[in-house]
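Novice: Mind looking over this structure? Questions follow.
Bear in mind these aren't lab numbers, they're just calculated from the coordinates by the rules spelled out. Model, not experiment: these values are computed from the prediction. Every residue, glycine among them, receives a Cβ derived from its backbone with ideal geometry; neighbour counts consider all protein chains shown.
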Amino acid sequence: MPSTHKKVIVRKLDRDALQGYVAPTSFVVDGKLELLNTSGKVVLIELKDVKGVYFVRDFNDSENVSRKTFAGRPRSEGLWVRLKFSDNDVLEGLMANDLTQVIAEGFLITPPDTRGNTQRVFVPRTALQELNVLAVIGRPEAHKKTAEDIRQEKLFMES
């Protein structure tokens with residue numbers, strides 16, 4: 001298998017799961033997930049039937065995320081989001097704070113436990129009941145004060 005295909009476990013809304021490979025940039029075609037299963041056949045799955053596409057390190061381990069929420073504020077940059085699925089399951093993660101990386105069919109998030117088997121999760125919009133942005137986590141240098149404007153006259157002098 002070329003390195004351009006990523007290992008995934010597709011969790012369907014009916015709790016069924018499929019293992020296979022997807023092209024990381026174009027795995028959604030005409031509202032369907034294009035999956036190359038482990039026997040080498042291309043399977044098209046309706047996005048309305050998919051709960052999540054879990055990009056995993058190994059097929060042997062479970063795709064279940066060990067931690068579904070962050071213990072504290074995440075350190076990585078991005079949008080801290082909470083996803084509530086149509087079956088009332090909740091998952092938190094980080095999304096890129098970049099509109100060029102958002103696709104119309106769903107959201108790609110990084111789960112709280114980056115050391116686990118699941119590296120990323122693609123969640124179709126149809127699987128969600130709601131999505132809440134909890135915080136925007138930016139770069140530290142974005143919050144630094146700019147140099148004082150020398151045109152502004154100081155009214156109160158510190159001694």
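Novice: Using Cα positions and a limit of under 16 Å, work out the lysines in reach of Lys32, with same-chain residues fewer than 8 apart set aside.
Specialist: Lys12, Lys41, Lys48, Lys51
Novice: With θ set to phi - 60°, apply the Karplus curve 6.51 cos²θ - 1.76 cosθ + 1.60 along the range 98-112 and write out the HN-Hα couplings as whole Hz, x wherever there is a Gly or Pro.
Specialist: 8, 5, 6, 9, 8, 10, 5, 7, x, 10, 10, 10, 9, x, x
Novice: Another one. Give the peptides 68-78, 82-92 in descending order of average Cβ contacts within 10 Å, highest first. Spell out each step's value before the answer.
Specialist: Numbers: 68-78: 12.5, 82-92: 14.6.
Highest mean packing first, the order is 82-92, 68-78.
Novice: Moving on. What length, rounded to one decimal in nm, is gained on full extension from Arg82 through to Gln19, with 0.36 nm per residue of separation minus their alpha-carbon distance?
Specialist: Details: separation 63, 0.36 × 63 = 22.68 nm, distance 2.56 nm.
That pair, Arg82 and Gln19, stretches by 20.1 nm at full extension.
Novice: Let me ask you something else. Could you check the simple spin-label distance between Asn97 and Leu131, using points 7 Å along Cα→Cβ, in nm with one decimal?
Specialist: The two pseudo-label positions are separated by 1.7 nm.
Novice: So, one more: Once phi is turned into ³J(HN,Hα) by the Karplus curve 6.51 cos²θ - 1.76 cosθ + 1.60 with θ = phi - 60°, what whole-Hz value does each residue of the range 72-86 show in order, with x for glycine and proline?
Specialist: x, 5, x, 8, 6, 7, x, 9, 8, 10, 10, 9, 10, 7, 5
Novice: Suppose the chain between Ile45 and Arg67 were pulled fully straight at 0.36 nm per residue; how much longer would it get relative to their current alpha carbon spacing? Mind showing how you got there, number by number?
Specialist: Details: separation 22, 0.36 × 22 = 7.92 nm, distance 2.72 nm.
Gain in length upon complete extension: 5.2 nm.
Novice: Search the structure for amide H atoms under 5 Å from the amide H of Gly31, placed 1.01 Å from N in the peptide plane, and list their residues when 5 or more places away or on another chain.
Specialist: Here nothing satisfies the definition.
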